[in-house]
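Okay, so here's the structure we're looking at.
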Amino acid sequence: MPLDFTAIGRTTEPMPISWNSDRAIIYALGVGAGQEDPLKELEFTTENSEGHPQQVLPTFAVMMGAGAQRGPGINYGDFDRSKLLHGQQAIRLHRPIPVEGEGLQSSRLTGIYDKGSGALVTMTSTITDLDGNVIVESANGSFIRGEGGFGGDGGPSESWDLPDRPADHVVRQQTRTDQALIYRMSGDRNPLHNDPVFAAKGGFGVPILHGLCSFGFVGRAILHAACDSDVTRFKAMSVRFSKPVLPGQALTTHMWVEGERVLFRVLVDDAVVLDRGVAEVTGA
C-alpha cells in the first residue's frame, strides 16, 4: 500500500526501556570518543578511571531506547526500505542523562510531507523516568526517496542564516573505515550501513555511515568546543542531513556562537553533509 496518511497523530503506548554503563560506553566509542587520543574523554569511554567519573554523551539520547522490547510500532505505509534515509534529527535534554536507569518511551507520528522527490515522515519521542519526569525529547524525520509528488503540504520552514564572519570554532574529526560496524553495536542494525547488497538496492556503491553516527560525532565537537566538555551546559541540538557520509571520511564542523545558540554546518571536503544546525547551550 502507499503512504498511509491516517497514521498522522498515532501514538505508541509507553514502553519500558533501560540503559546502563556498558551501553553508554559502547555508544561513545561508536561516535569516536577516545579515537584520536585514548587518554582523553575517559569520562565517556571508561567507568573506572581515577579522577574521571563516568558521564554520558548528550547525543546518547537518540539511542537510549534501542534494543528494548517494543509494542506495535506506527505503520505508515509499504515502501522500499532501501529508499529510506535519515533526513533530520533534533534532541532536547531536560537534564543530563544518568549513567544507568529505567524509563518509559512513547512516540508519535507528527506529519507526512511532500518534498517533491520524496516524502518526509516526522516522529517525536519522549523518554521519562518511571515517575513521569521527562529526561529527553527527540524529533526525527525520515526521507523516503521516490514517495513524493502527491500534492501534499511541504512542511514547516524555519529561517536559518549564518553570521557574516568566520566561524568561532572549526573542528575536524576523522571517522574510521569500520565506523559503521562499531556504531551499529549501539542498536541501529539498519543493513544500509553494513550490507553491500542492501546498500546497492538503495543506489549506493558501498554501505553509508549512519546519520546518527555523524550526529554523535558533531555533538561531541560542540560539547568540547562550545561547552568546555560540560554535559550540564548542553541543552539541545538539531540538524538536517543533506548528503550521505561514507565511513572513513573526515567531518569538519564550523560553529558560530551566538549567545546561548550555536549555529553549525558540517562539511566533507567541500560538500555540506549536515546543514542548518542549531545547538542550545548555557554559559557560552
(request) Assess whether THR6 counts as being crowded, with 17+ Cβ neighbours inside 10 Å, β-branched (Val, Ile, Thr) and not in a loop (DSSP other than H, G, I, E, B). (result) no
When (1) assigned to a helix (DSSP H, G or I); (2) out of contact with any Gly (no Cβ under 6 Å at 6 or more places or on another chain); (3) not basic (Lys, Arg) are applied to ALA236, the one that fails is (1)
Conditions (1) crowded, with 20+ Cβ neighbours inside 10 Å; (2) in a strand (DSSP E or B) -> GLU102 fails only (1)
When region 171-220 is checked residue by residue, the ones that are of a type in the set (Lys, Arg) and farther than 28 Å from LEU93 by Cα are ARG176, LYS201
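Quick one: in region 239-284, of everything that is among the acidic types (Asp, Glu) and in a strand (DSSP E or B), which residue is nearest to PHE215 (Cα to Cα)? Spell out how you get there, then give the answer.
Of region 239-284, the ones among the acidic types (Asp, Glu) are 258, 260, 269-270, 275, 280.
Now narrow it down to the ones that are in a strand (DSSP E or B): 258, 275, 280.
Values: GLU258: 21, ASP275: 11, GLU280: 15 Å.
The selected residue is ASP275.
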LEU42 fails exactly one of (1) buried (at least 17 other Cβ atoms within 10 Å of the Cβ); (2) in contact with a helix residue (DSSP H, G or I) (Cβ under 8 Å, 6 or more places away or on another chain); (3) without any contact (Cβ under 8 Å) to a residue 24 or more places away in the chain, namely (2)
Within region 151-170, the residues that are closer than 28 Å to ASP114 by Cβ and exposed (fewer than 12 other Cβ atoms within 10 Å of the Cβ) are GLY151, ASP153, GLY154, PRO156, SER157, GLU158, SER159, ASP161
Within region 177-193, the residues that are part of a loop (DSSP other than H, G, I, E, B) and surrounded by 15 or more Cβ atoms within 10 Å (Cβ to Cβ) are GLY187, ASP188, ASN190
Q: Within region 194-211, identify whether any single residue is surrounded by 23 or more Cβ atoms within 10 Å (Cβ to Cβ), more than 20 Å from ARG145 (Cβ to Cβ) and in contact (Cβ under 8 Å) with a residue 40 or more places away in the chain, and answer yes or no.
A: no
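Can you find, within region 37-78, the residue that is farthest from GLY9 (Cα to Cα) among those that are touching an Asp or Glu at 6+ places or on another chain (Cβ under 6 Å) and modelled with pLDDT under 95? Even if it seems obvious, please write down each step before you answer.
Initial filter on region 37-78 (touching an Asp or Glu at 6+ places or on another chain (Cβ under 6 Å)): 52, 54-55, 71, 76-77.
Restricting the remaining residues to those that are modelled with pLDDT under 95 gives 71, 76-77.
Details: GLY71: 17, TYR76: 11, GLY77: 14 Å.
Here the residue is GLY71.
Would you call PHE60 free of Cβ contacts under 8 Å to residues at least 24 places away in the same chain and part of a helix (DSSP H, G or I)? So that I can check it myself, show each step before the final result.
Numbers: free of Cβ contacts under 8 Å to residues at least 24 places away in the same chain: no; part of a helix (DSSP H, G or I): yes.
Spelling it out, it is not the case that PHE60 is free of Cβ contacts under 8 Å to residues at least 24 places away in the same chain and part of a helix (DSSP H, G or I).
The values are calculated or read from the model by the stated rules, or taken from the named source; none is laboratory data. Since the model is a prediction, treat every value here as computed from it, not as a measurement. When we count neighbours, we look across all protein chains shown, and the Cβ atoms used for this are built from the backbone with ideal geometry, even at glycine.
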